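Read through the structure below, which is laid out as structure tokens, and then see the notes.
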Amino acid sequence: MAAILNVLQAGNGGILTQILLLLSLAVYSSYGGGCTFPPGWTGSWFLSGNPGLIAINSTHIQSKGECSETDSYDKFLLYDRSDDCYRCMVIHEKHKYVLQYKETYCSPKDTLSSICEMISGDAALYSMFRKEPRPVPEQCPFHPPPFTFTYNRGSGDCTNPPSRAESCTDDARLLLRYMACPDVPGTESNVEELVCLATWKEGSTRYLVGQISQVNRRNSIASDEDTYRCFIYKGQHSDKTMTYNIAQSGDATCNGLSSPTDGSRTMKLTNSDDEHNRCHFPPWIVDHHKWYSLDHSHQYHFTKKNATLKIMNADGSFEEKRLVCHSILEQKDKKHIKLIAHVTRGCESGHVCLKFYRREGNVLELQQGTGLWELAQDACSENTPLPYITLITTSLLPMRCPIFGRYAVTSAAPDRRRRRQQVTIGDSETQGVSPAECSPEFTSALVGCGAQQDSIEFKAVCSATVYSCYGSWSENGVGYLIAAPVARGSTHPRTFCFMYTSRTSNETRGGVQQLSVSAVSRSCDRSVMPGAGGDKAYNLTLNGTCEQSSMYNSMSPRMSPTAILVLAVGLARVR
């Protein structure tokens, strides 16, 4: 044989390669012909008691062997090369994140059916939970929270005081607040967070696999052995309540669970009086389901049932807050409402005070309490002034501006956002103006002028910025106007709140109306003094009507600067 191989190798290496391949296939066929595992099993799995994760690919299960033969259902014959033996594994996929199996000891080669018959009915059941790719949690099956519950750890039912299960903004999480019962040994106050990973049903029995973390010990390092738990549960619905009996495993397996009332720890959850159905947000708020903060950094979404408000970052980068109407304390003229809401932020919850104000146009203002209160009656007990959050819709319509006239900009606070404009000599608007003379500082303003009376135009020597008016109101002698630039750059704020006060100066004969104006892009901030703060601030002096401005504009192409000046003086005298 060796001589033949030497001849073949000397004559044609390709023939030798083919012969070796055939020999290897012959050897492989003696192991059973080979098979593959379902594609969904590929990944890394946690198995209680195993020192590391178990890797599964299309043909191998780490530490178990390679797939040699299968009945195309749940029985697999695996060949362990290291010990040159075979084992049968009966594997059931309970969920895409949960595999359960029974197995035989490794034994000499035999048929698949012969080896698998060695598995007895009471053989140990093993559960593997997916680790990588990282599982996506799914909605917890216990709803609707909140619940009160009793629990038993083997030393008696802890019923008084009752424990509480609360929802999180993520429906895949549930917060379990265990209370200590003085008359039951082994009970203690503790807070656990349950993340639901997988649910399935066998007959009438329902299972859940989740991970539990200790909220009071967030910084401690918990192993998978400490966090994975299996549950059996059963729900019972009556006219007004929903009750769940739940049994929890004592370790990171599904062993020792036979019924919802028999486990290492058992619980009975009963949903609380549904406080979330006690009130609804009024129609003038929920007519628009989506509102945005003035700077568009946050979105406020009201549900169709008009009882729940979700607040989230507009780009979805932060965890949302969920507010549910609890009780209405005060409501006036469909323009103001004061209420208490139950708020959930992550898995933190409590009660908060809310005040909504209906402004002109599609504009709301919101005042929200700063703290979370466990008792609803304490939520609106704060006496400190609360900031206003200005809310707008995406369907703002231009409206008539609240003030009118032609104004001179007498002074302006530094504009932190503005960049000095680059001017090209020869532009139609800047002919005869040198770059040094072409200042971006505003010198005049037309307010509420034009056919629709819905715009404000600030003018500089070489440019102009036009804003559309969208809604206004007044409060304590201060006017508030929501306006947005007609044309804006990508970095320019979407919408401003213009805050203004007017007065008449008696320093000149006849008196002159003056305006102090500040523009803020965050909200209608009551701490900003008009004319002295905000993103933009101006002091304006009235020097004509809109009609006079139109007359100047129509005559200016045909009249010299001297003639315009004479006309202005004449109109001023008539006025």
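Observations on the structure shown:
- Applying the condition of being of a type in the set (S, T, N, Q) and either touching a Gly at 6+ places or on another chain (Cβ under 6 Å) or touching a residue at least 40 places away in the same chain (Cβ under 8 Å) (or both) to region 65-108 and asking which residue is nearest to Tyr126 (Cα to Cα) yields Gln100.
- Positions within region 97-124 being under 30 Å from Gly210 (Cβ atoms) and touching a strand residue (DSSP E or B) at 6+ places or on another chain (Cβ under 6 Å), in sequence order: Tyr97, Val98, Leu99, Gln100, Tyr101, Lys102, Glu103, Ile119, Ala123
- Selection count, region 519-551, where residues are closer than 26 Å to Tyr292 by Cβ and among the acidic types (Asp, Glu): 2
- Number of positions in region 217-253 that are in a loop (DSSP other than H, G, I, E, B), hydrophobic (A, V, I, L, M, F, W, C) and at pLDDT below 95: 2
- Hits in region 80-121 (condition: hydroxyl-bearing (Ser, Thr, Tyr), at pLDDT 95 or above and within 21 Å of Ala55 (Cβ to Cβ)): Tyr86, Tyr97, Tyr101
- Number of the exception - Val433 against (1) crowded, with 19+ Cβ neighbours inside 10 Å; (2) modelled with pLDDT under 55: (1)
- Residue within region 264-273 that is farther than 20 Å from Arg177 by Cα and either surrounded by fewer than 20 Cβ atoms within 10 Å (Cβ to Cβ) or at pLDDT 95 or above (or both) present: no
- Which numbered condition Thr384 fails, given (1) among the β-branched types (Val, Ile, Thr); (2) at pLDDT 90 or above; (3) part of a loop (DSSP other than H, G, I, E, B): (2)
- Selection status of His301, under 19 Å from Asp171 (Cβ atoms), at pLDDT 90 or above and either in the same structural domain as Tyr388 (by TED's automatic domain parsing) or among the aromatic types (Phe, Trp, Tyr) (or both): yes
- Gly154 satisfies every condition listed in (1) in a strand (DSSP E or B); (2) touching a residue at least 24 places away in the same chain (Cβ under 8 Å) except (1).
- Hits in region 520-530 - residues which are surrounded by fewer than 22 Cβ atoms within 10 Å (Cβ to Cβ) and not basic (Lys, Arg): Ser521, Ser523, Asp525, Ser527, Val528, Met529
- Among the residues examined, Phe442 qualifies as modelled with pLDDT under 90 and surrounded by 15 or more Cβ atoms within 10 Å (Cβ to Cβ).
- Qualifying residue in region 79-93 (condition: closer than 30 Å to Ala165 by Cβ and either outside any strand (DSSP E or B) or under 49 Å from the mean Cα position of the chain (by Cα) (or both)): yes
- Tallying residues that are under 21 Å from Val136 (Cα atoms) and either exposed (fewer than 15 other Cβ atoms within 10 Å of the Cβ) or not assigned by TED's automatic domain parsing to the domain that holds Arg177 (or both) within region 201-213 yields 1.
- Of the numbered criteria (1) among the polar types (S, T, N, Q); (2) without any contact (Cβ under 8 Å) to a residue 40 or more places away in the chain; (3) in contact with a Cys (Cβ under 7 Å, 6 or more places away or on another chain), the one Asn190 fails is (3).
- Of all residues in region 315-342, those satisfying the criterion of being closer than 14 Å to Phe281 by Cβ and under 25 Å from the mean Cα position of the chain (by Cα) are Arg322, Leu323, Val324, Cys325, His326, Leu339, Ile340, Ala341, His342.
- If only residues of region 350-374 that are farther than 19 Å from Glu330 by Cβ and surrounded by fewer than 21 Cβ atoms within 10 Å (Cβ to Cβ) are counted, the one that is farthest from the chain's Cα centre (by Cα) is Glu360.
- Residue list for region 520-541, filter: among the aliphatic types (A, V, I, L, M) and either modelled with pLDDT under 90 or not assigned by TED's automatic domain parsing to the domain that holds Arg503 (or both): Ala532
- Arg153, sole failed condition from (1) closer than 19 Å to Ile232 by Cβ; (2) at pLDDT 95 or above; (3) surrounded by 18 or more Cβ atoms within 10 Å (Cβ to Cβ); (4) not aliphatic (A, V, I, L, M): (2)
- Leu125 being in contact with a Cys (Cβ under 6 Å, 6 or more places away or on another chain) and touching a residue at least 12 places away in the same chain (Cβ under 8 Å): no
The values are calculated or read from the model by the stated rules, or taken from the named source; none is laboratory data. Just so you know, these numbers come straight off a predicted model, no measurement behind them. Every residue, glycine as well, gets a Cβ built from its backbone with ideal geometry; the counts of neighbours run over all protein chains shown.
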